[in-house]
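Note sheet for the following structure.
What follows is calculated from the coordinates using simple rules that are stated; it is not laboratory data. These figures come from a predicted structure and were not determined experimentally. All Cβ positions, even for glycine, are placed from backbone atoms using ideal geometry, and neighbour counts span all protein chains on display.
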Amino acid sequence: MIRNKIYLIPNLLTTGSVLCGFVSIIYSFDGYLSVAANLILVSFILDGLDGRVARITKTTSEFGAQYDSLSDTVSFGVAPAVFLYQWFLKDINFLINSWLELGVIVASLYLVSVLLRLARFNTSKSSDFFIGLPCPLGAILVSLFFIVLNKLNISPLLFKEISVFITLLISFLMISKFSYFSFKNIGDQEKIKFYWLFFTIFALVVTLINPPMVLLFLAIVYSLSGFVMNVFRYFRKKNNIYNKTSEKKDKYV
């Protein structure tokens, strides 16, 4: 008989995360988008806590990992896709005489990108870096964009092309091969480096100035960091190849 270890606290947090995602879907359909966006944020926090608590208390398990992945499918796949459609994608249709709305296509691409991202994550072994933008960050970008734009009274329909492009960009970053720092190993040990403590305190203080704006800025910076790191590595690799070629030429001259 196969027995899986099931731990209470991490899986309760995961359950809370998936329930927030599910309720967010309901509120999106009912038109309460502000509530739906905030529920995605709560789901993100609970999702971050379950893994952290499991590692600190040494209660990680294969069951918990699979349960967390299924939870992410709902909270950061279905919920944001439905939210995006109800927010502005349902009012966008560049394709004339099309039997399928463009908004449905874009929302579906977002959902499929999340599923592909999660499938790749479940089969990868790296713990220091994520391959592709983590889908919780994609969901956070969606919810924070709504909160900030709603606070500024800006409708995404005023910039239809840009809004669709950003949605597709987030989808692309999730299935890309860009490397993103995972932060998983930070804080697992009793001692952490001083600059991490200073950076954490500084980030918290700055966030208090204007939480939605600062968090959105940090999320955008992190989302673009994978692309920047990839470009940096490309040119560094190209430069190393050039230097080796030059050394060989000088050797035979």
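So what are the ³J(HN,Hα) numbers for region 75-84, from phi and the Karplus equation (6.51, -1.76, 1.60; θ = phi - 60°), rounded to whole Hz, Gly and Pro as x?
Once rounded to whole Hz, the list reads 6, 10, x, 5, 4, x, 5, 5, 4, 4.
Can you tell me the length gained on complete extension of the stretch Glu62 to Ile45, counting 0.36 nm per residue apart and subtracting the Cα distance?
Going from the current span to full extension adds 4.0 nm.
For Thr14, what charge total do you get from the other residues with a beta carbon under 13 Å from its beta carbon, if Lys and Arg give +1 and Asp and Glu give -1?
-3
Excluding Asp68 itself, what net charge comes from residues whose Cβ is under 10 Å from its Cβ, given Lys and Arg +1 and Asp and Glu -1?
-3
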